[in-house]
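Asker: Quick one: structure below, then a few questions.
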Amino acid sequence: MQITGKLIKVLPLQSGISKTGSEWKKQDFVIETEGAYPKTVCFSCWGDRIPSSAVLQEGNKLRIDFDPESREFNGKWYTDLKAWRVEVDGGTGDMPSSMASGEPVIDINDDRNISSQEVEDDLPF
């Protein structure tokens, strides 16, 4: 399934250790769909499917491929929308389409790139 909407909230990253001892990470985020009757929808991404922070910028228009999944617990049913691909939709203008993959793009011929002095000042030590 696929849906498009504007990112309105990024929830805190959750992480922990499973019963088997492996590490897990989960990122939830909320979008608002377009149209006459917009809907607010929360999605979850797990592990290596978590998009970069460049993609998860509030206000970005996102295109999300997801699978709905339900499970029963104590007689109640819970549904998750698990996103497996999140991309910036080309129509936003907020981010160049070359950055939709979440990878930063630097043009070495662009004089506006950060100087080596600025990079050295950015180090934490």
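The values are calculated or read from the model by the stated rules, or taken from the named source; none is laboratory data. Everything numeric in this text was worked out from a predicted model, so none of it was measured. Using ideal geometry, Cβ is built from the backbone for each residue, glycine included, and neighbour counts are taken over all protein chains shown.
Asker: Could you go through the range 13-35 and let me know if any residue there is touching a residue at least 24 places away in the same chain (Cβ under 8 Å) and loosely packed, with under 10 Cβ neighbours inside 10 Å.
Answerer: Within the range 13-35, not a single residue is touching a residue at least 24 places away in the same chain (Cβ under 8 Å) and loosely packed, with under 10 Cβ neighbours inside 10 Å.
Asker: For the range 38-50, state whether one or more residues are among the small types (Gly, Ala, Ser), loosely packed, with under 14 Cβ neighbours inside 10 Å and modelled with pLDDT of 90 or more.
Answerer: Looking for residues that are among the small types (Gly, Ala, Ser), loosely packed, with under 14 Cβ neighbours inside 10 Å and modelled with pLDDT of 90 or more, one finds at least one in the range 38-50, hence yes.
Asker: Would you mind stating whether Ser53 is of a type outside the set (Lys, Arg), closer than 16 Å to Asp89 by Cα and loosely packed, with under 11 Cβ neighbours inside 10 Å?
Answerer: Yes; evaluated as a whole, the condition is true for this residue.
Asker: Do any strands (runs of 3 or more DSSP E) lying entirely in the range 1-45 carry at least 2 residues that are closer than 19 Å to Glu58 by Cα, and which ones are they?
Answerer: Fully inside the range 1-45 and qualifying: 2-10, 23-33.
Asker: Report the residue count in the range 53-74 for those that are on the phi < 0 side of the Ramachandran plot and either assigned to a loop (DSSP other than H, G, I, E, B) or without any contact (Cβ under 8 Å) to a residue 60 or more places away in the chain (or both).
Answerer: Of the residues in that region, 14 qualify.
Asker: Also: Picking from Asp121, Asp94, which residue would you name as being at pLDDT below 95 and exposed (fewer than 10 other Cβ atoms within 10 Å of the Cβ)? Working first, answer last.
Answerer: On the way: Asp94 fails: exposed (fewer than 10 other Cβ atoms within 10 Å of the Cβ).
Being at pLDDT below 95 and exposed (fewer than 10 other Cβ atoms within 10 Å of the Cβ) holds for just one of Asp121, Asp94, which is Asp121.
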